[in-house]
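One structure is given here, and the rest of the page talks about it.
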Amino acid sequence: MSACRKNLSLGRQLAAAVLTLVVTASGAAALVSCSTEGGDSGTSSPFSPRPTPPDTASFTGTAASALASLEASARARASAAASSASAAASSFEARVSDEASQAAKDAEARLKNLQGGGNARSDVALTGRPTADTGGLQVVVVSITNRTDAQASYAVQVDFKDSSGKVVESRIVGAKDLAPGEQAQPLAISRKPADTTLTPTVAKAQRY
């Protein structure tokens, strides 16, 4: 009889232990469920979904080929503008008469061996022309006035100086057979780029 009571007591203890394990396991499962589903309490386990590749169709950048096309177009426009400016400059120079060209050749010969500034610098004045009227060339109007009482010809050398005062270019013009008080206005045309800052000066002026 005593043995039966002991067995019964042992069975009750085992049943209680099993029940306790079941309850504990259920509670742990509930806690795990809360921690993974609740967004505001507890610390959720890390989640690393597979990254989604970007939708390239939504990009607004310019492709390399398009950039190359834009650059080529810009270069073509710059080249066309340069060609147009060169044509305008050539057209302006072509309008200079053959007579003025011949006078310049005669003047060059007169000044070739001239020592000093010559005898007629006071008879010469210089005036710049707007580059908008000259195809982008730097042009100086050389006003030569015969201030004597007899007919005379003139040879004039115009020096173009840069910002440091250095002579970077020289042009020679002339005027033939001016009557007393008569004025001639040949052009001294620089070959330097239009964006170069130059100052024209009368280097030599000879009356003959």
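The values are calculated or read from the model by the stated rules, or taken from the named source; none is laboratory data. These figures come from a predicted structure and were not determined experimentally. Here the Cβ is made from the backbone with ideal geometry for all residues, glycine too, and neighbour counts use every protein chain on show.
Okay, here's what the table says:
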{"read-out": "Strands (runs of 3 or more DSSP E) enclosed by segment 152-208 - at least 3 residues per element that are of a type outside the set (A, V, I, L, M)", "value": "152-161, 167-178, 199-207"}
{"read-out": "Unmet requirement for Arg121, which otherwise passes all of (1) under 21 Å from Ser101 (Cβ atoms); (2) surrounded by 14 or more Cβ atoms within 10 Å (Cβ to Cβ)", "value": "(1)"}
{"read-out": "Which numbered condition Leu178 fails, given (1) over 13 Å from Gln157 (Cβ atoms); (2) within 38 Å of the chain's Cα centre (by Cα); (3) without any contact (Cβ under 8 Å) to a residue 40 or more places away in the chain", "value": "(2)"}
{"read-out": "Complete set of residues in segment 115-151 that are in a helix (DSSP H, G or I) and modelled with pLDDT under 95", "value": "Thr131, Ala132, Asp133"}
